[in-house]
Amino acid sequence: MLMKTETAQTTGSQDIENTTVLERDSIVRKSLILGSGAYLPERIVTNDELAKRIDTSDAWIRKRTGIRQRHIAAEGELTSDLAVAACRSALSTAGVNSDEVDLIVLATSTPDNTFPATATRVQALLGIKQAIAFDVQAVCSGFVYALSVADNMIRLGQARTALVIGAEVFSRILDWEDRGTCVLFGDGAGAIVLRAGMSEAGSQGRGILSTHLFTDGSHYDSLYVDGGPGTTGKAGCLRMAGQEVYRHAVHNMAEAIEIAIEANGLSLSDIDLLVPHQANIRIIESISRRLGVDNDKVVITVGSQANTSAATIPLALTHAQNDNRIQRGDLVALSALGGGFAWGSSLIRW
Ligand code: UT7
């Protein structure tokens with residue numbers, strides 16, 4: 001972090017003013033969460049409905065994953081449509097007008113088109129004129145990555161009010177003949193509104209305390225889509241080595257939270273709410289067991305929404321917010337892992 005004294009000595013009075021966006025005396029800029037919102041497509045597909053089409057059963061899916069149903073986007077309903085609905089709900093909860101937004105970071109692996117960024121369509125549909133808008137692609141950990149990017153931009157003074165979105169239509173990249181994957185995913189979107197605020201340096205005051213990101217591309221082939229503009233020229237379908245992903249998800253998501261807790265000088269018992277990526281109830285239970293976090297502190301949406309990739313965390317945050325499970329000052333821990341592998345965690349003082 002650029003210190004006031006260094007800037008004052010080297011660049012003169014004009015730049016001292018600029019340090020207000022970085023650090024002045026002991027006051028630092030921080031990203032506060034003002035509210036979150038969500039949108040799930042109307043159509044619900046139950047396990048029994050899938051069992052009519054492929055060789056599976058409600059019993060198998062529930063036992064191995066905890067999933068009971070998933071929402072599936074209507075024909076013509078795009079990632080941007082889901083994202084816009086989630087943003088409207090988040091802005092309304094936050095009490096923020098869309099014209100106050102100067103940054104839109106959208107995490108998705110199912111963009112409307114290869115380019116431009118789906119975030120630009122969201123910007124246009126929300127009627128936002130003055131904003132930076134772009135996509136981030138880190139599959140299921142996309143929201144944590146997008147949060148990290150937005151948080152850093154806010155702390156550096158490049159933005160004041162941000163929409164951070166996770167939005168997906170994974171139903172469009174599934175092989176509906178592959179029972180090993182098609183039963184696991186759903187469509188949906190969630191968004192949060194971030195606003196720059198000031199806090200004492202080193203304090204644990206409200207806001208995003210940290211984001212920790214990790215990537216290991218040697219696992220590229222464990223979870224990928226077998227197509228794309230650079231290879232087949234077609235969108236392709238999701239392929240996954242389920243057990244390999246499972247093993248890494250449990251270990252890496254838990255470890256990412258342990259690293260964040262240690263980096264902030266906190267202890268695992270300080271966590272008030274754990275909001276993990278929602279891929280499989282067994283993964284979530286293993287993580288909370290390892291971290292020693294009680295079940296009543298864990299947000300679980302996988303049963304009713306399945307795995308919506310980058311959207312699971314903002315959807316789960318909104319679920320918790322609407323159920324009054326998050327109080328101001330609570331320590332909220334997020335963690336996700338997805339294709340790449342890319343994973344990460346964030347600690348937020350709500
Ligand atoms: O969001 C990104 C992160 N993704 C994840 O975290 C997913 C991680 N992986 C998982 O959640 C689990 O590995 C799965 C849910 C994908 C699979 O569960 P599993 O307990 O690892 O099952 P498995 O792959 O070992 O398969 C066990 C059996 C196999 O049959 P055989 O070979 O034992 O006869 C599969 O063919 O279950 C069979 N099977 C199914 N049976 C009924 C696989 N899918 C199904 C199905 N219905 N849908």
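Contact map, the range 91-108: residues that are more than 10 Å from LEU194 (Cα to Cα) and free of Cβ contacts under 8 Å to residues at least 24 places away in the same chain paired with residues that are open to solvent by 50 Å² or more (accessible area, probe 1.4 Å) and among the small types (Gly, Ala, Ser), Cβ distance under 8 Å, separation 6+ or inter-chain. No pairs are found. Might you let me know whether the range 269-281 holds any residue that is among the hydroxyl-bearing types (Ser, Thr, Tyr) and without any contact (Cβ under 8 Å) to a residue 24 or more places away in the chain? The answer is yes; a qualifying residue exists. Restricting attention to the range 210-230 and to residues that are within 14 Å of the ligand (Cβ to nearest atom) and among the hydrophobic types (A, V, I, L, M, F, W, C), the residue that is farthest from ILE271 (Cα to Cα) turns out to be VAL225.
The rows are residues; the columns are (1) under 24 Å from LYS234 (Cα atoms); (2) open to solvent by less than 30 Å² (accessible area, probe 1.4 Å); (3) among the basic types (Lys, Arg); (4) not in a helix (DSSP H, G or I).
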residue	(1), (2), (3), (4)
LEU147	no, yes, no, no
ASN152	no, no, no, no
GLY157	no, no, no, yes
ALA162	no, yes, no, yes
ARG172	yes, no, yes, no
ASP175	yes, no, no, yes
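Of all positions in the range 241-257, at least one carries a residue that is touching a Pro at 6+ places or on another chain (Cβ under 7 Å) and either of a type in the set (Asp, Glu) or surrounded by 14 or more Cβ atoms within 10 Å (Cβ to Cβ) (or both).
The values are calculated or read from the model by the stated rules, or taken from the named source; none is laboratory data. Owing to the predicted nature of the structure, the values given are computational and were not obtained by experimental measurement. With ideal geometry, Cβ positions are generated from the backbone for all residues, glycine too; neighbour counts draw on all protein chains shown. Please note that ligands, DNA and RNA were not included when accessible areas were found on the heavy atoms of the full protein model with its side chains. Shrake-Rupley method; radii C 1.70, N 1.55, O 1.52, S 1.80 Å.
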